[in-house]
Amino acid sequence: MRTFNDGWFCPTNEVYSIVQDALKRYNVEDYGAVHDGVTDDTQVIQKVINLCSLTGGEIFFPQGIYIIAGTLQTNVGGINYKSQLYIPDMNFTSLQRPTIKFKGEVTPNFVQSNGVGNAITPNSGVILRSTINSTTPYSFILASKGNPLNYRNYNYSTVIVEDIQFQVNVSANKASLGGIGFNYGSNHIVRNVC
């Protein structure tokens, strides 16, 4: 493993591969996700996240556009996630700190634009597309945050996000929320995400 100057650890590719191979797979289609670009998949995806967070695993997203139309979650067990989807809190003292991996079927097309202004909004790959406008500062489609009793409000789950594109609702050429909010997470890995 490598360490950075502040003492935080970063797994090597070898460790990443071992963790990846050991994860149980939860296919969101098996739980009712439609990913047709029309149907709201927010509740189904959150249900799978909650299930996966109990023991850890990989949340697999087949190709398609997943509409995220749910409201911001501002009071889940006393935690203000300020996000439409959230990683449930894992306390610092917990002996089991599950790994939750969000995995898209294909790598996003990084050549496609983000859909701002007159640009064409991408419609291929695995896309989590928010349909809401938010006036709440620092709000996201997906966020991780811990209980206020945790050290610095950190969530101590390990979260990996790979091969997924997050699209936020844009009005007047300005995004009203962000894609991922992991500023309160203790161990997160993001690969091939836009």
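Computed from backbone phi with θ = phi - 60° and the Karplus coefficients 6.51, -1.76 and 1.60, the 3J(HN,Hα) list for segment 43-51 is 5, 5, 5, 5, 4, 5, 4, 4, 5 Hz; x is used for glycine and proline. Karplus-based coupling profile of segment 33-42, in residue order and whole Hz: 5, 9, 6, 9, x, 10, 6, 6, 9, 4, with θ = phi - 60° in 6.51 cos²θ - 1.76 cosθ + 1.60 and x standing for Gly or Pro. Taking amide H as placed 1.01 Å from N in the peptide plane, the amide H of Y26 sits under 5 Å from that of E58, I59, F60, each at least 5 places away or on another chain.
FYI, it's all coordinate maths here, none of it is from the lab. Please read these numbers as outputs of a predicted model, since none were measured by experiment.
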